[in-house]
Amino acid sequence: MSRQRTDAGFTLIELTVVVAIIAVLAAIALPQYQTYVAKSQMTAALSEISPGRTAYETLLNQGVTNGSSYANADNLGLASSTPRCQSITANAPVNGDGDIQCVLQGQAAISGHYIQLDRNSSGSWSCISDVDPQYLPASCSNG
């Protein structure tokens, strides 16, 4: 009685097809992932400067007009730099208008750009940035 031997395994062509499919999936997924990371970094930067609005309003309501009071991030309850912001600065209100700005660090698509909270003379705050619109948090626009 002779036994037949069968080889179990994949052929070179089957392995090549699997590798090609994985490469195509990676080529599609990687840019989407990078966009997601950049957008989440933008949102994190916005959340790092947003608490400064309350202190900014408090200083304004107390009649503080000294620019150095606003320029010092500590006076606004903010750090001068964070993991998402190379630097955080604020400008003293002129006739009620002012801003708090973060120079971004992170993904190459956003690094070196800014995200800024602007205050107008009526007391409303808005968010602007100079990054590509696809990375902006929902509450921001391009400035």
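The values are calculated or read from the model by the stated rules, or taken from the named source; none is laboratory data. Quick caveat, the model's predicted, so the values are computed rather than measured. Please note: Cβ atoms are built from the backbone with ideal geometry, for glycine as well, and neighbour counts cover all protein chains shown.
Filter region 91-105 down to the residues that are polar (S, T, N, Q) and in a strand (DSSP E or B), then identify the one that is nearest to Ile49 (Cα to Cα). Give the derivation first.
Quick first cut of region 91-105, residues polar (S, T, N, Q) only: 91, 95, 101, 105.
Cutting the leftovers down to in a strand (DSSP E or B) gives us 91, 101.
On the way: Asn91: 13, Gln101: 8 Å.
Here the answer is Gln101.
Condition check ((1) in a strand (DSSP E or B); (2) touching a residue at least 24 places away in the same chain (Cβ under 8 Å); (3) more than 27 Å from Thr35 (Cα to Cα)) across all residues:
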position: Leu59; (1), (2), (3): no, no, yes
position: Gly63; (1), (2), (3): no, no, yes
position: Thr89; (1), (2), (3): yes, no, no
position: Ser122; (1), (2), (3): no, yes, yes
position: Val131; (1), (2), (3): no, yes, no
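Here Leu60 meets the list (1) at pLDDT below 90; (2) among the hydrophobic types (A, V, I, L, M, F, W, C); (3) out of contact with any Pro (no Cβ under 6 Å at 6 or more places or on another chain) almost entirely, failing just condition (3).
Filter region 102-143 for residues that are of a type in the set (S, T, N, Q), farther than 20 Å from Thr58 by Cα and in contact with a strand residue (DSSP E or B) (Cβ under 9 Å, 6 or more places away or on another chain) and give the result.
The initial filter retains those residues of region 102-143 that are of a type in the set (S, T, N, Q), namely 105, 107, 111, 116, 120-122, 124, 126, 129, 134, 139, 141-142.
So of that shortlist, the ones also farther than 20 Å from Thr58 by Cα come out as 105, 107, 111, 129, 134, 139, 141-142.
Gln105, Ser111, Ser129, Ser139, Ser141, Asn142 - these are the residues of region 102-143 that are of a type in the set (S, T, N, Q), farther than 20 Å from Thr58 by Cα and in contact with a strand residue (DSSP E or B) (Cβ under 9 Å, 6 or more places away or on another chain).
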